[in-house]
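**Q** One structure follows; several queries about it will come next.
The values are calculated or read from the model by the stated rules, or taken from the named source; none is laboratory data. Computed from a prediction, not measured in an experiment: that's the story for all the values here. Cβ: placed from backbone, ideal geometry, glycine included. Neighbour counts: every protein chain shown.
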Amino acid sequence: MKVNIEIINIGDELLIGQVVNTNASWMGELMTKAGFSVQKMSSIADEAPAIQLALDQSVGNCDVVLISGGLGPTKDDITKKVLSEYFHSEMYFDENAYAHIQQLFASRGFAVTQVNKNQAFLPKKAQVIKNGNGTAYGMWFEEKNTVVISMPGVPFEMKAMLENEILPRLTEKYNIEKYADLTLMTTGLGESFLAEKIKLVEENLPSSIHLAYLPRPGIVRLRLSSRGEDKRLLQIQLQKESEKMIHILGKEVVYGFNEESIEEALGKILKERKLSMATAESCTGGMIAHKITSISGSSAYFQGSILSYSNEIKNKHLGVSDKDLEDFGAVSKEVVLQMAVGVKKAMNVDYAVATSGIAGPLGGSKDKPVGYTWIAVSGPKETKAQLFQFGEHRGRNIERASLAAINMLRLMVLEDS
């Protein structure tokens with residue numbers, strides 16, 4: 001059975017950009033993985049007309065409405081009042097809710113204030129949902145074959161309530177179809193180039209399988225998803241189709257699965273083979289080292305980095321020739337090759353990667369425009385460099401250069417093995 005869900009997040013802070021709406025993405029992912037079909041997400045103001053309009057548009061038109069926000073103790077939190085009026089429900093004082101509030105305050109060494117005591121007033125028509133992490137209880141209404149559930153907006157309170165209390169009840173209420181997905185993590189090709197390469201596979205996908213292209217700087221995720229009665233069968237089908245894509249794209253493009261980062265993929269290879277690495281960074285400004293060390297356990301293979309932003313550091317600490325710096329410039333094949341060899345020797349590691357480029361927006365020229373970047377990798381067998389031409393945005397250039405460098409090193413280690 002397909003169960004359609006709409007998500008409504010209430011809060012002026014979401015609309016003015018003061019708070020990023022992480023609740024929506026988390027709720028959408030959780031409910032999708034559980035087999036529900038999320039049809040709509042909306043952020044609305046802490047105002048009665050906005051809440052009423054959202055309910056008018058949702059109730060009777062979907063199976064479940066999940067609402068977060070506006071259940072706090074202050075005057076600007078009006079969700080409970082609006083819901084009780086919308087569903088024509090009187091309020092009552094819930095002794096069990098009040099006992100919970102008292103216990104929570106006592107555990108923190110505080111006395112219950114009147115505004116917090118008021119949180120124990122709840123609509124009679126609602127099934128109450130205990131909040132194990134706070135004072136705002138959830139509420140479950142049913143109207144016109146639609147379940148309307150209101151939760152607090154505080155993320156850790158909402159997440160625990162939805163995951164531990166609400167989702168089990170919804171799963172019990174509905175005979176939900178199974179959902180499965182598999183994501184290929186790719187780098188080095190834009191989405192249009194990927195689409196062209198896997199065109200025949202995509203055109204011949206079973207009708208039950210959907211393919212989505214999800215790009216971000218330097219990375220494109222290929223998400224295969226499907227719904228049906230047998231989850232194991234769905235997973236087998238997705239695996240079969242993904243293998244066709246991997247065969248076409250190869251290890252040069254596909255580096256992992258299901259949100260695995262490229263630095264994680266590299267780390268696994270280095271750790272398995274008991275190899276070590278280091279970086280020499282100019283235009284990436286330490287971003288490669290940051291990505292590598294963001295992975296727990298990276299100390300097993302990462303020795304360190306030399307942030308060689310100036311020519312003086314390139315010469316003094318990496319052994320780059322002053323003559324080559326003068327003849328070819330810091331952003332050149334000759335220099336970046338020496339940087340990679342120099343840091344490998346200085347750190348006494350198996351592999352090294354080096355970057356030098358024009359991150360921008362200043363510093364570009366006709367011959368070396370913004371985004372012009374040399375990357376070199378050095379291993380036990382060889383040292384090689386590749387020229388990249390990224391875009392005009394400094395932040396994206398740094399990100400894309402870092403990802404490209406990590407991928408070059410990943411491929412060299414795989415080839416050497």
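**Q** Return the only residue of ALA352, ALA340 being in a helix (DSSP H, G or I), surrounded by 21 or more Cβ atoms within 10 Å (Cβ to Cβ), in the same structural domain as CYS283 (by TED's automatic domain parsing) and not acidic (Asp, Glu).
**A** ALA340
**Q** Let me ask something additional. Which is touching a residue at least 40 places away in the same chain (Cβ under 8 Å) and more than 26 Å from the chain's Cα centre (by Cα), of VAL254, VAL331, VAL320, VAL335?
**A** Working: VAL254 fails: more than 26 Å from the chain's Cα centre (by Cα); VAL320 fails: touching a residue at least 40 places away in the same chain (Cβ under 8 Å); VAL335 fails: touching a residue at least 40 places away in the same chain (Cβ under 8 Å).
Only one candidate qualifies: VAL331.
**Q** Among the residues of the range 362-385, is any assigned by TED's automatic domain parsing to the domain that holds ILE288, hydroxyl-bearing (Ser, Thr, Tyr), in a helix (DSSP H, G or I) and at pLDDT 95 or above? So that I can check it myself, show each step before the final result.
**A** Taking the range 362-385 as the starting set, the residues that turn out to be assigned by TED's automatic domain parsing to the domain that holds ILE288 are 362-385.
Keeping just the survivors that are hydroxyl-bearing (Ser, Thr, Tyr) gives 365, 372-373, 378, 383.
Within this subset, residues satisfying the condition of being in a helix (DSSP H, G or I) are none.
Checked the range 362-385: no residue is assigned by TED's automatic domain parsing to the domain that holds ILE288, hydroxyl-bearing (Ser, Thr, Tyr), in a helix (DSSP H, G or I) and at pLDDT 95 or above.
**Q** Let me ask another. Got at least one residue in the range 140-154 being small (Gly, Ala, Ser), surrounded by 20 or more Cβ atoms within 10 Å (Cβ to Cβ) and free of Cβ contacts under 8 Å to residues at least 40 places away in the same chain?
**A** Here is the first cut: in the range 140-154, the residues small (Gly, Ala, Ser) are 150, 153.
Keeping just the survivors that are surrounded by 20 or more Cβ atoms within 10 Å (Cβ to Cβ) gives 150, 153.
From what is left, the residues that are free of Cβ contacts under 8 Å to residues at least 40 places away in the same chain are none.
For the range 140-154, residues small (Gly, Ala, Ser), surrounded by 20 or more Cβ atoms within 10 Å (Cβ to Cβ) and free of Cβ contacts under 8 Å to residues at least 40 places away in the same chain: absent.
**Q** Among the numbered conditions (1) within 29 Å of SER261 (Cβ to Cβ); (2) assigned to a helix (DSSP H, G or I); (3) not polar (S, T, N, Q), tell me where ILE166 comes up short.
**A** The single condition ILE166 does not satisfy is (1).
**Q** Sticking with this one: Look at the range 237-278 and say how many of its residues are under 19 Å from GLY218 (Cβ atoms) and hydroxyl-bearing (Ser, Thr, Tyr).
**A** 2
**Q** Could you tell me whether any residue of the range 301-316 is without any contact (Cβ under 8 Å) to a residue 40 or more places away in the chain, within 32 Å of the chain's Cα centre (by Cα) and on the phi > 0 side of the Ramachandran plot?
**A** Checking the range 301-316: not a single residue is without any contact (Cβ under 8 Å) to a residue 40 or more places away in the chain, within 32 Å of the chain's Cα centre (by Cα) and on the phi > 0 side of the Ramachandran plot.
**Q** Just one of LEU83, LEU71, LEU66 is touching a Pro at 6+ places or on another chain (Cβ under 8 Å) and either among the small types (Gly, Ala, Ser) or under 16 Å from THR146 (Cα atoms) (or both); which is it? Walk me through it before giving the result.
**A** Details: LEU71 fails: either among the small types (Gly, Ala, Ser) or under 16 Å from THR146 (Cα atoms) (or both); LEU66 fails: touching a Pro at 6+ places or on another chain (Cβ under 8 Å).
Among LEU83, LEU71, LEU66, only LEU83 is touching a Pro at 6+ places or on another chain (Cβ under 8 Å) and either among the small types (Gly, Ala, Ser) or under 16 Å from THR146 (Cα atoms) (or both).
**Q** Something else: Looking only at residues in the range 300-337 that are β-branched (Val, Ile, Thr) and assigned to a helix (DSSP H, G or I), which one is surrounded by the fewest Cβ atoms within 10 Å (Cβ to Cβ)? Please lay out each step first, then the result.
**A** Our first condition is that a residue be β-branched (Val, Ile, Thr); within the range 300-337, this holds for 306, 313, 320, 331, 335-336.
Those still in the list that are assigned to a helix (DSSP H, G or I) too: 313, 335-336.
On the way: ILE313: 15, VAL335: 28, VAL336: 31.
Filtering the range 300-337 for residues that are β-branched (Val, Ile, Thr) and assigned to a helix (DSSP H, G or I), the one surrounded by the fewest Cβ atoms within 10 Å (Cβ to Cβ) comes out as ILE313.
**Q** On the given criteria, is MET27 hydrophobic (A, V, I, L, M, F, W, C) and modelled with pLDDT under 95?
**A** no
**Q** If you don't mind, another one. Would a scan of the range 87-99 turn up a residue that is in contact with an Asp or Glu (Cβ under 9 Å, 6 or more places away or on another chain) and modelled with pLDDT of 95 or more?
**A** Within the range 87-99, one or more residues are in contact with an Asp or Glu (Cβ under 9 Å, 6 or more places away or on another chain) and modelled with pLDDT of 95 or more.
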